[in-house]
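**Q** First, the structure itself, so that you have it in front of you.
The values are calculated or read from the model by the stated rules, or taken from the named source; none is laboratory data. Computed from a predicted model, the values in this text were never measured in an experiment. Here the Cβ positions follow ideal geometry from the backbone for every residue, glycine too, while neighbour counts run over all protein chains shown.
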There are 2 protein chains.
Amino acid sequence: MDRERMINLIGEIIPEKKRILTDKADLYSYSYDASFGVYVPDVVVQPKETEEVAKIMKLANQYEIPVYPRGQGTSLSGGPLPVKGGIVLDLSRWDQKLEIDAEDMVAVVSPGVITGHINAKAMEKGLIYPPDPSSSNVATIGGNLAENAGGPRGLKYGVTKDYVIGLEVVTPEGEVIRTGGRTVKNVTGYDLTKLIVGSEGTLGIITEAILRLYPKPAASQTLMALFDDLIASGRAISKVLSSGILPAKMELMDQASIQAVEAYQPLGLPTDVEALLLIELDGHPKAIADEMLKVQEVCKEVGAREVKVATTDAEAKELWKARKLVSPAIVRMKPTKISEDATVPRSKIPEMFQRLKEIREKYKVDLVVFGHAGDGNLHPNIIADKRDHEEMKRVELAVQEIFEAAIELGGTLSGEHGIGTMKAPFMEMELGKVGLDMMKRIKESWDPKNILNPGKIFPEPGQRLVLTDE
Amino acid sequence: MDRERMINLIGEIIPEKKRILTDKADLYSYSYDASFGVYVPDVVVQPKETEEVAKIMKLANQYEIPVYPRGQGTSLSGGPLPVKGGIVLDLSRWDQKLEIDAEDMVAVVSPGVITGHINAKAMEKGLIYPPDPSSSNVATIGGNLAENAGGPRGLKYGVTKDYVIGLEVVTPEGEVIRTGGRTVKNVTGYDLTKLIVGSEGTLGIITEAILRLYPKPAASQTLMALFDDLIASGRAISKVLSSGILPAKMELMDQASIQAVEAYQPLGLPTDVEALLLIELDGHPKAIADEMLKVQEVCKEVGAREVKVATTDAEAKELWKARKLVSPAIVRMKPTKISEDATVPRSKIPEMFQRLKEIREKYKVDLVVFGHAGDGNLHPNIIADKRDHEEMKRVELAVQEIFEAAIELGGTLSGEHGIGTMKAPFMEMELGKVGLDMMKRIKESWDPKNILNPGKIFPEPGQRLVLTDE
């Protein structure tokens, strides 16, 4: 349809003109996310009411215009990229509602609320919202819901989906539905709530969410352990978990990550160790004091070179600094970071490390590994320069082999970043033809004209991995 | 199709004749469950392999024969009832696989395994499978998965769905798919695992499940508190939860339940109290000792008449006896028990109690209330005699009003029993036309001929609540 006409029709829906962006510069700033590819939309709309979203979806259906919902654009898999042009729905301005109901132990939020703000406000009432993706101070809850974001606390507390009990959703055809509610238990019909969370904005636009909150743990404590041998660090993880202790976080950094951090901002970490583990316990202070002794014992038993326990909050923060510096440190090495989240069963972590080492050598790529080792969700990151086409070809092959390795070891393409455009070509490898078809049937039955976030999750014929912006 | 021919064709799929039941007496024993209604199937098949299930579904599609999967038939909502005749698939004999993998912290099970056996075997390795529906020593995991069963431990640990990370499923058209896997995190495409769990056997037949296990808590402790005032018991629940303590269980019995138990088997409980609370804490022994002091304090603060803490396991068992005796006690009063599970937001429990009291008086029904008060999942049970048609009419009206009250208070028709045949007529009241239609689209896209468990969840035109067996 004619772009002018589209903008006029949208103008009849959205009363304030400043919430309709049409300038080239504005459109360009909605053309990318934190993954790869640049796709300029025809128009950007900033809705602030459910009714506006519903009307835009009806309009889009009538004229078959693709619609791309978007939060803050921190996606690592291309979730919000407007790959077929059309309308971007920028939901990040819709952050008016953030209610904490301490008695029902829920938060009710609008889609544009920053995730970290939910936890901060819950804490004021002695509660927590556990999911803590590393982007939580920037990303919106709407984006987290679309992608089912994870984070370090996932080990003990689970991921975003585990906290969503109710949604208001605009369907791809522009109808408004409510799923679930304020009750923790609900088995009335199919679980649309958990189907929509993690569907990457392809099944509906979330306009409100009811999130479960938890009592705030009374205390927490952090330990850092250094290992000469990567395999020994894996044994430490298994042994802690099988001893009846469930830490809030168990994060790992490999030698390359440690070296990158020390080169970027020296913290005095030994660069000759093969692995560093950070373990955080939370709960009742007497319980975690006891459990911390046990964790120390286990680390020493399996041969840790050094074990440090933080005795104050400031010391704990200091220990976590190493982990927080990994991402800024590695992008100093080269400008392009390809952050993967292939996940394997816990017992396969040592084997996955071996496979990653082989891939690093085979394709001569700069590969560092860190992440949520306690739940098998590693983050192999390749550092490259996207202007170097020859290097990027090697990176593409390496990434493909990382996916294959994860699946061969009984794992999955994605533990928390989502499929988007990036991993769509590999879906059939994990799910098989029929598995993928069963997903597609749901999409087609809800969005027969393929209006909502088309080009995501489901591979287009002949689609392959591309890690360039062209 | 001709019944003889159907049986012959099934005989070509199932090698052992004794796994195909055709006798009238056998068929009758598969005609009912723990809810209402008697429907005799044409044939009962006891498959023991995925391939057999797949072939039967293909056959059923070819000749448009309804297929009804079934576990031990403990459903309270009619899930396995063969309301349109056809084939019952009895999966309760398929209990060969029960593997505990301590390192990956998962159990891998075939559909006929008794739920309680999973937890027992996990405990041998220092792990637990938390979901504990009261039928867990009788019901199969397949039935629990189909219905997304709950239980008292749901307060702290969640329900069945929260523990399922992978499935093998035969689709309604007889294809075999695998969803999820052995990883705790997985965001590869739509979450078919959580869609199929709780879909009441209408979207697929689960032939294997991978269940997440947890470290076994080191200790547990039980408290009983008696309240002259029902509202005060509700305040105790809120205050405990907002003090940062998350008990494993918080069960409530109202005065009528206490009186029924004392009439059935005297335990020395005072029959003039309005409510009895049972609270179980689990975790580190030092932590729960501390927390138990706090819980006692809270109960006294809000005006409990008496608070008892069990100091030994035997004493704890004694305290739980009252709760366990409720069901056998009430069926002594009259033979027919209508067990509801309408669930409300935690803060609405006092209001729900008020509404239930009004309903009891309005329809002059024997209504007792007990259940999982900590998560708002009450079990209003009406005791009646189904041979008394006049009484059953009043019961039907009372049940309908219970559903209406729950929904008006922001709650749901069903917290853990499912919809089945019983609650189907009320679906639109909770979900609205569009909400129900979005569910139906999924069903139709997966099962275009409506072969798998037809007559469940979705209301038939003009369908109403019927609580008789005729």
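**Q** Has the stretch B:153-162 got at least one residue that is small (Gly, Ala, Ser) and under 25 Å from B:THR188 (Cα atoms)?
**A** yes
**Q** So which residues in the stretch A:373-401 are within 14 Å of another protein chain (Cβ to nearest Cβ) and either farther than 21 Å from B:VAL184 by Cβ or over 14 Å from the mean Cα position of the chain (by Cα) (or both), if there are any at all?
**A** Answer for the stretch A:373-401, where residues must be within 14 Å of another protein chain (Cβ to nearest Cβ) and either farther than 21 Å from B:VAL184 by Cβ or over 14 Å from the mean Cα position of the chain (by Cα) (or both): A:ALA373, A:GLY374, A:ASP375, A:GLY376.
**Q** In the stretch A:1-56, how many are closer than 21 Å to A:GLY142 by Cβ and aliphatic (A, V, I, L, M)?
**A** Of the residues in the stretch A:1-56, 13 are closer than 21 Å to A:GLY142 by Cβ and aliphatic (A, V, I, L, M).
**Q** Does the stretch A:88-100 contain at least one residue that is closer than 25 Å to A:PRO133 by Cα, surrounded by fewer than 21 Cβ atoms within 10 Å (Cβ to Cβ), touching an Asp or Glu at 6+ places or on another chain (Cβ under 6 Å) and free of Cβ contacts under 8 Å to residues at least 60 places away in the same chain?
**A** No: the stretch A:88-100 contains no residue that is closer than 25 Å to A:PRO133 by Cα, surrounded by fewer than 21 Cβ atoms within 10 Å (Cβ to Cβ), touching an Asp or Glu at 6+ places or on another chain (Cβ under 6 Å) and free of Cβ contacts under 8 Å to residues at least 60 places away in the same chain.
**Q** Sticking with this one: Test A:ILE141 against the criterion of being within 20 Å of A:GLY418 (Cα to Cα) and crowded, with 21+ Cβ neighbours inside 10 Å, and give yes or no.
**A** When the stated conditions are applied, A:ILE141 passes them.
**Q** To continue, here is another question. Being over 26 Å from A:GLY151 (Cβ atoms), touching a strand residue (DSSP E or B) at 6+ places or on another chain (Cβ under 6 Å), surrounded by fewer than 21 Cβ atoms within 10 Å (Cβ to Cβ) and away from chain B (no Cβ under 12 Å) is the requirement here; does A:LYS357 meet it?
**A** Against the criterion (over 26 Å from A:GLY151 (Cβ atoms), touching a strand residue (DSSP E or B) at 6+ places or on another chain (Cβ under 6 Å), surrounded by fewer than 21 Cβ atoms within 10 Å (Cβ to Cβ) and away from chain B (no Cβ under 12 Å)), A:LYS357 does not qualify.
**Q** So, one more: Select from the stretch B:419-470 the residues that are more than 17 Å from B:PRO66 (Cβ to Cβ), away from every other protein chain (no Cβ under 14 Å) and buried (at least 17 other Cβ atoms within 10 Å of the Cβ) and list them in ascending order.
**A** Matches in the stretch B:419-470: B:LEU465, B:LEU467.
**Q** For B:VAL53, are the conditions met, namely being over 30 Å from B:LYS337 (Cβ atoms), within 25 Å of the chain's Cα centre (by Cα), at pLDDT 95 or above and not in a loop (DSSP other than H, G, I, E, B)?
**A** Yes: the conditions hold for B:VAL53.
Residues are listed down the side, and each one gets a yes or a no for (1) small (Gly, Ala, Ser); (2) away from chain A (no Cβ under 14 Å):
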residue	(1), (2)
B:ALA60	yes, yes
B:GLY73	yes, yes
B:LYS97	no, yes
B:ILE100	no, no
B:VAL106	no, no
B:VAL109	no, yes
B:GLY116	yes, yes
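**Q** Restricting to the stretch B:138-158, and then to whatever is part of a loop (DSSP other than H, G, I, E, B) and modelled with pLDDT of 95 or more, can you tell me which residue is farthest from the chain's Cα centre (by Cα)?
**A** It comes out as B:VAL138.
**Q** On to the next question. Hey, does the stretch B:348-368 have a residue that's in contact (Cβ under 8 Å) with a residue 24 or more places away in the chain and touching a Phe, Trp or Tyr at 6+ places or on another chain (Cβ under 8 Å)?
**A** No, that holds for no residue.
**Q** Of all residues in the stretch B:56-78 being touching a strand residue (DSSP E or B) at 6+ places or on another chain (Cβ under 8 Å) and part of a loop (DSSP other than H, G, I, E, B), which is surrounded by the most Cβ atoms within 10 Å (Cβ to Cβ)?
**A** The extreme case among them is B:GLY71.
**Q** Let me spell it out: the conditions are (1) within 14 Å of another protein chain (Cβ to nearest Cβ); (2) in contact (Cβ under 8 Å) with a residue 12 or more places away in the chain, and A:TYR264 meets all of them except one. Which number is the exception?
**A** (1)
**Q** Please find, among B:THR188, B:THR183, the residue that is touching an Asp or Glu at 6+ places or on another chain (Cβ under 7 Å) and at the interface with another protein chain (Cβ under 7 Å from one of its Cβ atoms).
**A** Within the list B:THR188, B:THR183, the selection yields B:THR188.
**Q** Taking A:LYS423, is it under 24 Å from A:ARG332 (Cα atoms) and either assigned by TED's automatic domain parsing to the domain that holds A:LEU230 or basic (Lys, Arg) (or both)?
**A** Judged against the criteria, A:LYS423 is not a match.
**Q** Only one of (1) within 11 Å of chain A (Cβ to nearest Cβ); (2) under 30 Å from A:ILE100 (Cα atoms); (3) of a type outside the set (Ser, Thr, Tyr) fails for B:ILE210. Which number is that?
**A** Unmet condition: (2).
**Q** For the stretch B:235-310, list the strands (runs of 3 or more DSSP E) that sit wholly inside it and hold at least 1 residues that are farther than 19 Å from B:PRO152 by Cβ; which are they?
**A** Counting at least 1 such residues, we get B:304-309.
**Q** Considering each of A:ILE196, A:ILE205, A:ILE177 in turn, give the residue that is at the interface with another protein chain (Cβ under 10 Å from one of its Cβ atoms) and under 24 Å from the mean Cα position of the chain (by Cα).
**A** Answer to the check: A:ILE196.
**Q** A follow-up question, please. Of (1) within 14 Å of chain B (Cβ to nearest Cβ); (2) surrounded by 23 or more Cβ atoms within 10 Å (Cβ to Cβ); (3) within 24 Å of the chain's Cα centre (by Cα), A:VAL295 satisfies all except one. Which?
**A** Exception for A:VAL295: condition (3).
**Q** Which of (1) assigned to a helix (DSSP H, G or I); (2) within 12 Å of another protein chain (Cβ to nearest Cβ) does A:GLU404 not meet, given it meets every other one?
**A** Condition (2) is where A:GLU404 drops out.
**Q** While we're on this one: Kindly indicate whether any position in the stretch B:398-408 is without any contact (Cβ under 8 Å) to a residue 12 or more places away in the chain and in contact with a helix residue (DSSP H, G or I) (Cβ under 6 Å, 6 or more places away or on another chain).
**A** No, the conditions are met nowhere in the stretch B:398-408.
**Q** Do the conditions hold for B:TYR190, that is, is it buried (at least 23 other Cβ atoms within 10 Å of the Cβ) and among the aromatic types (Phe, Trp, Tyr)?
**A** The answer is yes for B:TYR190.
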